Structures are given as C-alpha cells and as structure tokens.
C-alpha cells in the first residue's frame with residue numbers, strides 16, 4: 001500500500017497502524033535502491049525510518065517469511 005510519510009509518522013506516534021501486522025517492509029515510493037528499504041519490527045523503528053524523509057510517500061507491505 002502506498003502511504004504518505006506524514007500518515008505513517010502519525011500512525012507510528014499513535015502506536016496504531018491499522019490493517020498491518022508487524023514486521024513490515026517499507027521503502028520510498030519510486031525508489032528501488034536498497035538504501036531506502038527496511039524491514040521494521042516495531043513502530044518505533046517505523047517512526048525513526050520515516051523521520052529521515054517524512055515528505056515522501058512510502059510503499060508498505062507485510063513481511064512474509
């Protein structure tokens with residue numbers, strides 16, 4: 001799902017990301033470089049990752065082992 005950085009930051013701050021189960025895969029929309037791609041296991045990690053670039057959109061997907 002594509003979400004704005006501001007939406008993700010707010011959800012992480014509120015400790016509620018409805019519709020998703022952790023861990024998550026997160027990457028900057030339109031960028032396929034590994035520098036902007038993370039597997040996140042907690043909402044604090046999500047908040048920290050999005051804080052680096054809150055102005056961009058992100059693709060969020062659930063991690064499946």
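The values are calculated or read from the model by the stated rules, or taken from the named source; none is laboratory data. Small disclaimer: the values here were computed from a predicted structure and weren't measured. A quick note on method: Cβ atoms are made from the backbone with ideal geometry, for glycine too, and the neighbour counts reach across all protein chains shown.
Summary table below
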quantity	calculated
Selection count where residues are exposed (fewer than 14 other Cβ atoms within 10 Å of the Cβ) and part of a strand (DSSP E or B), scope the stretch 14-65	3
Pairs with Cβ under 7 Å, 6+ apart, first in the stretch 14-25 and farther than 14 Å from residue 1 by Cα, second at pLDDT below 90	15/43; 22/42
